[in-house]
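Note sheet for the following structure.
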Amino acid sequence: MSDVLSQSEVESLLAALEAGERGSSRAAAAAVKGVAGKVRQGPPVVPYDFKRPERVSNEQMRAFHALHESFGREFGAALSSMLRTIVEVRLINVEQLTYSEFVAAVSNPTCFNLLRSKSLDGHLILDINPSILFPIVDRLLGGGREAQVALPTRALTDIERRLVSRVTSLATAGLEHAWSNLCSLELSIDQVETNPQLVQIVPPNEVVVLVCFEIAMGESRGIVNLCIPFNTIEPLAGKLSSDAWSTYTRRTADPVQKANLEAGVSRAGVRMVVELARTTLSAGEVMGLAVGDVIVTDREPARGLDVLIESRPMFLAFPGQYKGQKAIRIGRVLEKPRAPAAPQTGSDTAARKGEHGTASP
């Protein structure tokens, strides 16, 4: 309480208490309300649960949402092609929670696929609910013509696991393609379990990003969960923003645009320099040069001249004349453009042998 109550306010409060004892609740409420107005209201208190820290920002959560929307479309198209029926994969929700909460929410038995990525340090989990998994297996075995009344509540057999591996292969291929702009996942299945309590990839209180999908195939519906531990994707946190990646695939070059670009670049001017020779002179030697002096270099006449395009050697040429003008004849194209040569150092220019040139003023 920031202010000190006056004598009249204290008497009003005591009167309110006495009125409350006599059953006059309205007077008591009015008096308490008047006194409470003297107390300054502070900022609202926001509860914070230390067991569930918010480690993933809202922008990163939106990036996960957009990233896996494209995966859902691609995965649904792949399932429709394999099962020869219409399969819809819809992204339901993207949220962050602890690993223990995720395991507690998963049904038992289930299809718990432990995925390993070569480029990430850690595991991912792909959980497929039996409510949609058994109808898919039934469809792969030739059934699925009639609505299934009851689903078995048991673990998958070895044959069913082999059939389910075709579904998980489509899912991992879709994830690799959706994440291709972020990193190369290169996913592989390390382990398949039916009891989620037997898989402990991170501590129970570790934050994970849970991406939930709903698969609809006719009358059958089920949930597919993708669990991504935060410590696994923490090195990629900087790339999970709207301006650092795109969920769409890169477009191929348009031939018309490519031709226009080549035509525009071909008309651009470039600086061409023909280097006759290269040597090093001291400042005193340069000051003492006069008309008719000979500068000795180490370039052999048969070696030819370097033709530099924007300071990078591109061609080898030989000097000559054409219609009374100084000219060069291109001998060959250099295989790999060399970096601009650095000026030579030393004071042994007088002892060098080779081509002689005449200095002009």
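The values are calculated or read from the model by the stated rules, or taken from the named source; none is laboratory data. Small disclaimer: the values here were computed from a predicted structure and weren't measured. FYI the Cβ positions are ideal-geometry reconstructions off the backbone, even for glycines, and counts take in every protein chain you see.
Which condition number does D127 fail, the rest of (1) over 19 Å from N108 (Cβ atoms); (2) within 26 Å of the chain's Cα centre (by Cα); (3) not hydrophobic (A, V, I, L, M, F, W, C) being met?
It is condition (1) that D127 fails.
Would you point out which residue out of L163, L133 is assigned by TED's automatic domain parsing to the domain that holds D190, surrounded by fewer than 20 Cβ atoms within 10 Å (Cβ to Cβ), part of a helix (DSSP H, G or I) and aliphatic (A, V, I, L, M)? Before you say what the answer is, go through the steps one by one.
Values: L133 fails: surrounded by fewer than 20 Cβ atoms within 10 Å (Cβ to Cβ).
L163 is the lone residue from the list that is assigned by TED's automatic domain parsing to the domain that holds D190, surrounded by fewer than 20 Cβ atoms within 10 Å (Cβ to Cβ), part of a helix (DSSP H, G or I) and aliphatic (A, V, I, L, M).
Would you confirm whether or not the range 91-98 contains a residue that is farther than 15 Å from V209 by Cβ and in contact with a strand residue (DSSP E or B) (Cβ under 7 Å, 6 or more places away or on another chain)? Explain how you work it out, then say what you get.
First pass over the range 91-98, keeping only residues farther than 15 Å from V209 by Cβ: none.
For the range 91-98, residues farther than 15 Å from V209 by Cβ and in contact with a strand residue (DSSP E or B) (Cβ under 7 Å, 6 or more places away or on another chain): absent.
Counting only residues that are polar (S, T, N, Q) and within 16 Å of V167 (Cβ to Cβ), which one in the range 65-104 is farthest from the chain's Cα centre (by Cα)?
First pass over the range 65-104, keeping only residues polar (S, T, N, Q): 70, 80-81, 85, 93, 96, 98, 100.
Within this subset, residues satisfying the condition of being within 16 Å of V167 (Cβ to Cβ) are 80-81, 85.
On the way: S80: 28, S81: 29, T85: 33 Å.
Within the range 65-104, the match that is farthest from the chain's Cα centre (by Cα) is T85.
In the range 239-296, what residues are basic (K, R), modelled with pLDDT of 75 or more and in a loop (DSSP other than H, G, I, E, B)?
Across the range 239-296, the qualifying residues are R267, R271, R278.
Given (1) of a type in the set (S, T, N, Q); (2) farther than 21 Å from R271 by Cα; (3) at pLDDT 50 or above, where does Q325 come up short, assuming only one miss?
(2) is the only condition that Q325 fails.
Looking at the range 55-63, is at least one residue part of a helix (DSSP H, G or I) and over 26 Å from the mean Cα position of the chain (by Cα)?
Just the residues of the range 55-63 that are part of a helix (DSSP H, G or I), to begin with: 58-63.
Retained after the next criterion (residues that are over 26 Å from the mean Cα position of the chain (by Cα)): none.
Checking the range 55-63: not a single residue is part of a helix (DSSP H, G or I) and over 26 Å from the mean Cα position of the chain (by Cα).
Scan V106, V137, V149, V89 and give me the residue that is closer than 19 Å to R221 by Cα and at pLDDT 90 or above.
On the way: V106 fails: at pLDDT 90 or above; V137 fails: at pLDDT 90 or above; V149 fails: at pLDDT 90 or above.
When all the criteria are applied, what remains is V89.
Looking at the range 87-111, which of the residues that are touching a helix residue (DSSP H, G or I) at 6+ places or on another chain (Cβ under 6 Å) and among the hydrophobic types (A, V, I, L, M, F, W, C) is nearest to P203 (Cα to Cα)?
V103
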